[in-house]
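Right, one structure below, let's go through it.
The values are calculated or read from the model by the stated rules, or taken from the named source; none is laboratory data. Everything numeric here is computed off the predicted structure, so don't read it as measured data. Positions of Cβ are generated from backbone atoms using ideal geometry, with glycine treated the same way; all protein chains shown enter the neighbour counts. Areas reflect the complete protein model, heavy atoms only, side chains present, ligands, DNA and RNA absent. Shrake-Rupley method; radii C 1.70, N 1.55, O 1.52, S 1.80 Å.
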Amino acid sequence: MKVIDILNTPNTKFTFEIVPPMKGSTLDDISQTIETLLPYNPSYINVTSHRAETILVENANGTFSKKIVTKRPGTVGVAASIKFKYGVEVVPHLICGGFSAEETEDALFDLQFLGIQNILALRGDAVKGERAFTPEPDGHGNACALVQQVAKMNRGEFFTPDLKHNNADFCIGVAGYPEKHCESPNIETDLRYLKNKIDAGAEYIVTQMFFDNKKYFRFVEDCRKIGINVPIVPGIKPISLLVNLNNLPQIFHIDLPAELARNVEKCKTNAEVRDLGVEWAIQQCKELKAAGVPALHFFTLGSTAKNIAEIVKNVY
Ligand SMILES: Cc1cc2nc3c(=O)[nH]c(=O)nc-3n(C[C@H](O)[C@H](O)[C@H](O)COP(=O)(O)OP(=O)(O)OC[C@H]3O[C@@H](n4cnc5c(N)ncnc54)[C@H](O)[C@@H]3O)c2cc1C
């Protein structure tokens, strides 16, 4: 089933995303997260995608060589194994970074063979250590170009010339930023680019995490004002560690509300932060659900499934 058809049904759905395990691991490494959350009937599960990194490897003579390493491959494989093992709809993430358009087309064909009809189209971040995002020579420089490629495939136009193939039928989601994407000069420009992604064929938006619902509500309002009328799914992450006070703003370019930050500062242990984070997320989710959001989408990275299960139990 397509995500857009799921989101267009009444009631607030529960969804979450998981990160593929490190290379060399098995599905068992993520099955604990999935099996803890399955009893709460997720409508679909997203699977993130991770670009290769350049690392320095020391040679026998003491010099260093660059080596490209993909630490978390397998988005397509992990998504397929979840779909077939658990019978849940999946949404693999596709990123521009590190892939040519032709490689992306191959991944889309793999998804078609596997009967996976949903993708979240993203640009990805700059390579670690580089300031700006650089696409592959034959790759896409932003998510909109990726959406355009998938939309073309849906119309039966392929990157590979003269390819005879049935039209694809992918439902495309994209990312949105209630607190602005860190590279955008201002919110207006960011929203204009977001609208380009929708005009190119994306059918819904999933937001970056936020901790103040007012920011989400204002974002939805601003989107509606410029004609973005698709479902906007809020992204939720319960804080669980003392270090989240600094690393979440640093990594994700988001604010923690003063009240939340003050309360985290008072915590002496991660267990106290975890309780506070769960309670904060419960209050956030209750308000969002009461406002009729299409789904609550949980980021599981760094938050144990147990925390999310506790939130979901209290909200639904
Ligand atoms: C829900 C969610 C899931 C995510 N999952 C993953 C994941 O699995 N893997 C991963 O690596 N990252 C993931 N990310 C992070 C994401 O890849 C980064 O935030 C990335 O920096 C931007 O991706 P985007 O798709 O929003 O990019 P884009 O929409 O391409 O936007 C990137 C920047 O470019 C600007 N821009 C857009 N179009 C143009 C244009 N035509 N000209 C000039 N500027 C333009 C935008 O305003 C923005 O500042 C996720 C983010 C979210 C919110």
*Identify, from the list V69, V76, the residue that is buried (at least 16 other Cβ atoms within 10 Å of the Cβ) and within 16 Å of the ligand (Cβ to nearest atom).*
V76
_Conditions (1) of a type outside the set (D, E); (2) closer than 30 Å to P249 by Cβ; (3) part of a loop (DSSP other than H, G, I, E, B); (4) open to solvent by 40 Å² or more (accessible area, probe 1.4 Å): number failed by A202_ = (4)
*Could you please give the count of residues in segment 104-138 that are modelled with pLDDT of 90 or more and within 12 Å of the ligand (Cβ to nearest atom)?*
10
*Given the conditions (1) open to solvent by 50 Å² or more (accessible area, probe 1.4 Å); (2) under 18 Å from L122 (Cα atoms); (3) β-branched (V, I, T), report the number of the one that I187 does not fulfil.*
(2)
*Wholly within segment 2-119, which strands (runs of 3 or more DSSP E) include no fewer than the required count, namely at least 1 residues that are small (G, A, S) and out of contact with any Phe, Trp or Tyr (no Cβ under 6 Å at 6 or more places or on another chain)?*
64-69
*Which residue, of I30, I82, is open to solvent by less than 20 Å² (accessible area, probe 1.4 Å), out of contact with any Asp or Glu (no Cβ under 9 Å at 6 or more places or on another chain) and farther than 27 Å from P231 by Cα?*
I30
_Residues satisfying the stated conditions in segment 156-198, i.e. farther than 26 Å from K214 by Cα and modelled with pLDDT of 95 or more_ = D169, F170, C171, I172
*asked:* Tell me yes or no: at least one residue of segment 248-256 is outside any helix (DSSP H, G or I), at pLDDT 95 or above and open to solvent by less than 20 Å² (accessible area, probe 1.4 Å).
replied: yes
*In segment 268-313, what residues are part of a loop (DSSP other than H, G, I, E, B), open to solvent by less than 20 Å² (accessible area, probe 1.4 Å) and closer than 12 Å to S240 by Cα?*
T300, S303
*asked:* Can you find, within segment 33-50, the residue that is surrounded by the fewest Cβ atoms within 10 Å (Cβ to Cβ) among those that are touching a strand residue (DSSP E or B) at 6+ places or on another chain (Cβ under 6 Å) and under 24 Å from T104 (Cα atoms)?
replied: T48
